[in-house]
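The next block holds one structure in the form of structure tokens; read it before the comments.
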Amino acid sequence: IRCSCGRGMGSTSTARYGVFGFNFGSNVGAGFDVWLSPKVGYFVSDNFLLGAVVNLGYTKSAKSEGASQSTLYGIQALSRYYVSPGEKGIDNLLKNGRFFLEANAGFAGVNVKDGPTTNGFAFGFGPGYAYFITDNVALETSVKYNGLVGGGNTTYQHSLGLTVGLQVHLPTSQAKRDVQDK
């Protein structure tokens, strides 16, 4: 049994984010972006994880013609299924890797000042690949379709996103022993 924490996108936006979701306008004409999207999950059975993702983001472009400001938020349920080597006719590419399918659904909003605004039901789904550099740490990438349906001046927003991140799997049995020993 393991817990899983990481960073990834579970909402839709047309904003451009810097490395690790931070862009503080260090170049001429740049704006200010901050994006956090932590994930946490629990393996309820072998290869099947259930959890949640929280989205928080703020973007403000540089002062110029067409400057904008946007706020992003959301909380969604998350599920992920890791395909074992040889399962369902799929052989993993590398000895230490696993393919996975991920889906999320919940509440979110994208609000752009004087632009498209949608608040309501958010969902996403897509495949990914995790390469375990240790037993508990994986580099991963995924391609997900993200949608947002709801109220506002735009009733539907969607995007196709590529996510690259780091996933940390914490063994809960060891954590329980550490807590009981103290």
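The values are calculated or read from the model by the stated rules, or taken from the named source; none is laboratory data. Fair warning: this is a prediction, and the values are worked out from it, not measured in the lab. Accessible surface is based on the protein model in full, side chains and every heavy atom, while ligands, DNA and RNA are left aside. Shrake-Rupley method; radii C 1.70, N 1.55, O 1.52, S 1.80 Å.
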Which order do 129, 82, 156, 145 take when ranked by solvent-accessible area (1.4 Å probe, heavy atoms of all protein chains), largest first?
-> 156, 145, 129, 82
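When N counts the residues of the range 95-182, how does its alpha-carbon radius of gyration compare numerically with 2.2 N^0.38 Å, as a ratio? Walk me through the numbers on the way to the answer.
On the way: Rg = 18.2 Å, N = 88, 2.2 N^0.38 = 12.1 Å.
Here the Cα radius of gyration is 1.51 times the empirical estimate.
Ignoring ligands, DNA and RNA, how do 71, 118, 163 rank by accessible area with a 1.4 Å probe, largest first?
Details: 71 60, 118 0, 163 30 Å².
Accessible-area ranking of 71, 118, 163, largest first: 71, 163, 118.
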